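Heads up, the thing below is written out as structure tokens.
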Amino acid sequence: MRDTESFDECYRATSHRLLGYAYALTGNWAQAQDLVQDAYMRAWRQWGRLSEYDDVEAWLRLVVSRLATDVWRRLQRWRAAMRLLGTSEDAAPADESAVLLQQALRGLPGVQRQALAMHYLFGMPVARIALDTGVPVGTVKSWLSRGRAGLAAALQAKDGDRDE
């Protein structure tokens, strides 16, 4: 028997942060919402077991990360197919600071983007990110440092482009 009250409580406590995390990984609100919805559907199917976990949110983050990776892989295959068909490139996005940040995040390697999202959107300490991702603390610190430097450089370059 599933405990709907505890599931609802978990959803209310974690859904906002999880959506922000999914958006940071994908850069697309609709896609982020789909990933989060899918993660909660999977959680509901296994709620009897998951409700006993110490940190259900960590499980949900892992599911969202894996689903985002799957989406990225499908998108890469789709883009390769579209290149073979000779389709035109996407139109340039609107010039807003949120779009600039999104573009800068997209330019970072996935592990740096994930570490930045976990640290700044979830407020997770470095040690917890290391535990969740299965890497040493020094690696997480490196991802964060390189991610911040990459964001700063990308945003500074974009800001220079706008001034011209």
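The values are calculated or read from the model by the stated rules, or taken from the named source; none is laboratory data. This one's a predicted model, so the numbers in the text were calculated from it and none came from an experiment. Virtual Cβ from ideal backbone geometry, glycine too; neighbours counted across all protein chains shown. Remember, those area values only see protein heavy atoms, side chains included, never the ligands or the DNA or RNA. Shrake-Rupley method; radii C 1.70, N 1.55, O 1.52, S 1.80 Å.
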Using a 1.4 Å probe over the heavy atoms of the protein chains, calculate the carbon and sulfur portion of the accessible area of the range 4-152 as a whole percent.
-> 54 percent
What list of ³J(HN,Hα) couplings, whole Hz, do you get for the range 130-142 from phi and the Karplus terms 6.51, -1.76, 1.60, once you set θ to phi - 60° and write x for glycine and proline?
-> 4, 5, 5, 8, x, 10, x, 4, x, 5, 5, 4, 5
Dimensionless Rg ratio for the chain, taking C-alpha atoms and the 2.2 N^0.38 Å reference | 1.17
Any idea what angle helix 56-85 forms with the longest principal axis of the chain, computed on alpha-carbon atoms, 0 to 90 degrees, nearest 10?
-> 40 degrees
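Students sometimes get this wrong: rank Trp44, Trp59 by accessible area, probe 1.4 Å, all chains present, largest first.
The ranking, largest first, comes out as Trp44, Trp59.
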Which angle from 0 to 90°, rounded to the nearest 10, does the C-alpha axis of helix 4-26 make with the longest principal axis of the chain?
-> 20 degrees
Residues whose placed amide H lies under 5 Å from that of Met124, excluding near-sequence neighbours | His119
Kindly express, to the nearest 10 degrees and within the range 0 to 90, the angle between helix 97-106's C-alpha long axis and the longest C-alpha principal axis of the chain.
-> 80 degrees
How big is the accessible area of Arg17 in square angstrom, nearest 10, if you roll a 1.4 angstrom probe over the protein chains?
-> 90 Å²
Those chymotrypsin sites (Phe, Trp or Tyr not before Pro) from the range 99-164 that are DSSP loop and have at most 12 other Cβ neighbours within 10 Å turn out to be none
Around Arg128, with a cut-off of 14 angstrom between Cβ atoms, what is the net charge of the other residues, counting Lys and Arg +1 and Asp and Glu -1?
-> -1
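Work out, step by step, the length gained on full extension between Glu9 and Arg83: first 0.36 nm times the residue separation, then minus their alpha carbon distance; give nm to one decimal. List each step's numbers first, then the result.
On the way: separation 74, 0.36 × 74 = 26.64 nm, distance 4.55 nm.
22.1 nm is the gain from fully extending Glu9 to Arg83.
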